[in-house]
Amino acid sequence: MNVCSEIINSLNSDIRGKNFYTALELERSGETILKLNTGNPATFGFPMPESVKNALISKLDNTLGYCDVRGMVAARNAILQYHRSKDITDFSLDDIFIGNGISEIASMVSTALLNPGDEVLVPMPCYSLWVNEILLRKAVPVFYKCDEENGWNPDTEHIKSLVNKKTKAIVIINPNNPTGALYSNNVLLEIAEIARQNKLVVLSDEIYDRLVFDGKKHTSFASLAKDIPVVTMNGLSKSHCLCGFRCGWLVISGPSGQRSLISEALLKLASIRLSANAIMQTIIPDALADTTYTERMLAKDGRLYEQRQATFEELDKLDCLSYVKNDGSFYVFPRIKPEYLEYADDKAFAHQLLLEKHILVVPGSGFAYDKPDHFRIVMLPQPDTLRKAVKEIGAFIQGKTCL
Ligand SMILES: Cc1ncc(COP(=O)(O)O)c(C=O)c1O
């Protein structure tokens, strides 16, 4: 008899899946593996912001007790200012909840909103957290297409065709993981209209909102849809390279009736887990005030910019791949052209790439992508490492020992 829940079998965590454990085994046997599977800046030498270090030291004494169930007031005030500055207006301090990363926040939101059998629209490809959280509530993820030909923007006609009486919510991830797409305001407005007409709650994961390149601007979904219940999620894992702090939050905005229902449900859930980690909350005001740290990474001589440029330059030299330049985040999601598709599927491709070239990538299927020809590159290593890696991937696909 299996002592575990049946749901466990339906979950998928390819980012740290079988290939990841093979990579660890290879490392134990003395091989060097370039692990491009996780968006974890600290592992590639991105330092802690000085502003955060100073705040941490000076506020350490405030961190001993369980804190406010929703999160420390000073931290929530800073979060409130941040989201007001992005023109989300219809919410108060009580509509903000701080959690141990968006990962915990997503779990709380899913529990608060979903009944078994509810359908939730999720992007395809999709960062796996959302699909798993929906499945854990015995609800049903229904995938809407994001269109590679249209900069990986969501296909709103497809979204419309999927809505039915069971549809409860729609998840958007903007900027997106794994595609790096920054959605156009038109697409956001069209999604808002679909949500409005069908009374859907919108769950907007905006963890990469500060990581946008080339002077482009991120628009918060909730700023375009003030009459709709929206849960906007954000955190410091990526913009401040603090994945290990487990610092995330949500803001509920929209009509006051639904807002207070969601807020009350979340309050109950937050109370059950007592409080989020207090240490990370003390640094939120200083981190959000420190925009320079993130801006430096994105500037023309900044690491994220240079790494992205290096990756593009090498990808441009390859016949075997096509790709859409990412406007946000630090991911790119290339496609292997049909004439170069030699493996049974993308999983087999990623596995063989790991064994032969010692490079670990996540195949498209790890993001619930339904075609067997995509994989994600995490553009966090130094430019030279990325150049070499892309060359090696190209050589591998083209069946050569090197290019
Ligand atoms: C789209 C997206 N949402 C949420 C997370 C998880 O964030 P956190 O570290 O706040 O749990 C990630 C991490 O990669 C992500 O890519």
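The values are calculated or read from the model by the stated rules, or taken from the named source; none is laboratory data. All values reported here derive from a predicted model rather than from experimental measurement. Using ideal geometry, Cβ is built from the backbone for each residue, glycine included, and neighbour counts are taken over all protein chains shown.
Things to note:
- Yes/no for Asp94 being more than 14 Å from the ligand (Cβ to nearest atom), part of a helix (DSSP H, G or I), of a type in the set (Asp, Glu) and surrounded by fewer than 17 Cβ atoms within 10 Å (Cβ to Cβ): yes
- Pairing each residue of the stretch 26-42 that is farther than 17 Å from Gly244 by Cα with any residue that is within 13 Å of the ligand (Cβ to nearest atom), provided the two are 6+ apart or on different chains, yields C-beta distances under 7 Å for Leu36/Val378.
Conditions tested, residue by residue: (1) within 16 Å of the ligand (Cβ to nearest atom); (2) touching a residue at least 40 places away in the same chain (Cβ under 8 Å).
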{"residue": "Leu250", "(1), (2)": "yes, yes"}
{"residue": "Ser253", "(1), (2)": "no, yes"}
{"residue": "Asp290", "(1), (2)": "no, yes"}
{"residue": "Ala299", "(1), (2)": "no, no"}
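- Tally, over the stretch 27-48, of residues that are more than 16 Å from the ligand (Cβ to nearest atom) and within 14 Å of Ala287 (Cβ to Cβ): 1
- Within the stretch 240-257, the set of residues being in a helix (DSSP H, G or I) and surrounded by fewer than 16 Cβ atoms within 10 Å (Cβ to Cβ) comprises Gly244, Ser256, Gly257.
- Qualifying residue in the stretch 145-166 (condition: more than 28 Å from His240 (Cα to Cα), in contact with a Gly (Cβ under 9 Å, 6 or more places away or on another chain) and assigned by TED's automatic domain parsing to the domain that holds Thr232): yes
- Close Cβ contacts (under 6 Å, 6 or more residues apart or on different chains) running from residues in the stretch 327-341 that are in contact (Cβ under 8 Å) with a residue 12 or more places away in the chain and not assigned by TED's automatic domain parsing to the domain that holds Thr219 to residues that are of a type in the set (D, E, K, R) and within 16 Å of the ligand (Cβ to nearest atom) comprise Tyr331/Arg376; Phe333/Arg376.
- Qualifying residue in the stretch 334-348 (condition: surrounded by 21 or more Cβ atoms within 10 Å (Cβ to Cβ) and modelled with pLDDT under 95): yes
Residue-by-condition table, conditions (1) away from the ligand (no atom under 14 Å from the Cβ); (2) assigned to a helix (DSSP H, G or I); (3) at pLDDT below 95; (4) in the same structural domain as Ser13 (by TED's automatic domain parsing):
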| position | (1), (2), (3), (4) |
| --- | --- |
| Glu104 | no, yes, no, no |
| Val109 | no, yes, no, no |
| Ala112 | yes, yes, no, no |
| Asn115 | yes, no, no, no |
| Val120 | yes, no, no, no |
| Asn132 | no, yes, no, no |
| Lys138 | yes, no, no, no |
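- Ser58 assigned to a helix (DSSP H, G or I) and touching a helix residue (DSSP H, G or I) at 6+ places or on another chain (Cβ under 7 Å): no
- Any hit, the stretch 177-188, residues being closer than 25 Å to Asn77 by Cβ, of a type in the set (A, V, I, L, M), in contact (Cβ under 8 Å) with a residue 60 or more places away in the chain and within 16 Å of the ligand (Cβ to nearest atom): no
- Within the stretch 208-222, the residues that satisfy the criterion of being farther than 12 Å from Val251 by Cβ and of a type in the set (A, V, I, L, M, F, W, C) are Leu211, Val212, Phe213.
- Any hit, the stretch 365-386, residues being surrounded by fewer than 17 Cβ atoms within 10 Å (Cβ to Cβ), part of a loop (DSSP other than H, G, I, E, B) and on the phi > 0 side of the Ramachandran plot: no
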